[in-house]
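Reviewing the structure listed below.
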Amino acid sequence: MAIGHEHWHEQGEIYALGALDEQELKEFEAHLASGCAICEAYVRETREALLLLHRSITPMISCDRPGSRPQYLPPLPPPTCRA
Ligand SMILES: [Zn+2]
């Protein structure tokens, strides 16, 4: 278990995003099931961080999608989606 724990941390980040493929998911869940408290805590922390990040960016992207308007144009009037 001492070997390659960085690998599990990488997997843990992707796991927290829900983006592991089927094989990796099986391996990581098996690792968690083996009782690794480090990875369990790591996944929990990563999920909490992602949740905060998600909350902080959601209002922007739901209102005015990035890339839908060139950056060099002057700001738009207040978005209609505020209502
Ligand atoms: Zn671990």
Subject >> The one condition in (1) outside any helix (DSSP H, G or I); (2) within 10 Å of the ligand (Cβ to nearest atom) that A19 fails to fulfil >> reply: (2)
Original post:
Mind checking which residues of region 31-47 are surrounded by 10 or more Cβ atoms within 10 Å (Cβ to Cβ), within 9 Å of the ligand (Cβ to nearest atom) and aliphatic (A, V, I, L, M)?
Top reply: L32, I38
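Residue by residue, here is whether (1) modelled with pLDDT under 95; (2) surrounded by 11 or more Cβ atoms within 10 Å (Cβ to Cβ); (3) assigned to a helix (DSSP H, G or I); (4) not charged (D, E, K, R) holds:
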site	(1), (2), (3), (4)
E6	yes, no, yes, no
L25	no, yes, yes, yes
E29	no, yes, yes, no
H54	yes, no, yes, yes
T58	yes, no, yes, yes
S62	yes, no, yes, yes
R65	yes, no, no, no
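The values are calculated or read from the model by the stated rules, or taken from the named source; none is laboratory data. All of these numbers come straight from a predicted model, not from anything done at the bench. Don't worry about glycine lacking a Cβ; one is built from the backbone with ideal geometry, like all the others, and counts go over all protein chains shown.
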